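Presented below is the structure to which this report refers.
Throughout, read-outs are computed from the coordinates displayed, never taken from laboratory work. As the structure is a prediction and not an experimental result, all values here were calculated from the model. Please note: Cβ atoms are built from the backbone with ideal geometry, for glycine as well, and neighbour counts cover all protein chains shown.
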Amino acid sequence: MEEYEEHMQKLAAKLMWLALGSLGVEEKDIEWAGISSDFQGSQAAIQLNHYPICPEPDRAMGLAAHTDSTLMTILYQNNTAGLQVFRDDVGWITVPPVPGSLVVNVGDLLHILTNGIFQSVLHRARVNHIRSRFSMAYLWGPPSEQMISPLPKLVDPPQSPLYPSLTWKQYPATKAIHFNQSLSFIRNCLSLDQIS
């Protein structure tokens, strides 16, 4: 498991730089990425999920709709469908599992860091009546005390940042109260004092 986590840390850092680089963000723009820009101070958790066969899947919940409180989540899933993402114009869409692939979800903190350019995705897991589903989520975020705010490079003047600064440690407390409305709540706050 330690070897897996080490590989996932490297992959997460690489994906982060690919995503931010596509927006013109450079290593000098994120000091907390570390001297070698590998995000070594980041924190992560691995979550193993099992969704057993259910004779009436429409009457059961696998995992309730939510956004991830991370920078990003990298998900491995077996070849059983169940992950769904929500799009305002369509509704719930099943993400078909592709053998040998990973799913990457933008988390709320990357949403904040990019000032909403990359948006966190509302998603859920459904059970099915044919096969059990297994998934392994690598939940990746910054150091718990690191202030996260929109990168100045991604805020067009004269517009102000859409979100105030906060730490990953503070965010779960807000999410516990406001759940899937947390980003909207934070966006409407004028200062960190209103969040705490």
Name the aspartates and glutamates eligible as straight-distance cross-link partners of K175: C-alpha to C-alpha under 13 Å, and not fewer than 8 places from it in the same chain. D68, D108
Aspartates and glutamates within cross-link reach of K10: Cα-Cα under 19 Å, excluding same-chain residues under 8 positions apart? E2, E26, E27, E31, D38
Using θ = phi - 60° and the Karplus form 6.51 cos²θ - 1.76 cosθ + 1.60, what ³J(HN,Hα) does each residue of the stretch 125-140 get, whole Hz, x for Gly and Pro? 10, 10, 8, 9, 9, 10, 9, 5, 10, 10, 8, 10, 9, 9, 8, 10
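Order these peptides, 153-160, 62-69, by their mean beta-carbon neighbour count within 10 angstrom, highest first. Intermediate results must be reported in sequence, preceding the final value.
Working: 153-160: 10.9, 62-69: 17.8.
So the order, starting with the most tightly packed, is 62-69, 153-160.
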Could you check how many percent of all C-alpha pairs in the stretch 2-145 are farther apart than 27 Å? 26 percent
Hey, can you grab everything whose amide H is under 5 Å from the amide H of C54? Only 5+ residues off in sequence or another chain; H modelled, so Pro and N-termini drop out. N128, H129, I130
Consider a paramagnetic label point 7 Å from the Cα of I35 along Cα→Cβ; state which residues of the stretch 3-27 have an amide N under 13 Å from it. none
Using modelled amide H (1.01 Å from N, peptide plane; none on Pro or chain starts), what sits under 5 Å from the amide H of D68, excluding residues fewer than 5 places away? D108, V121
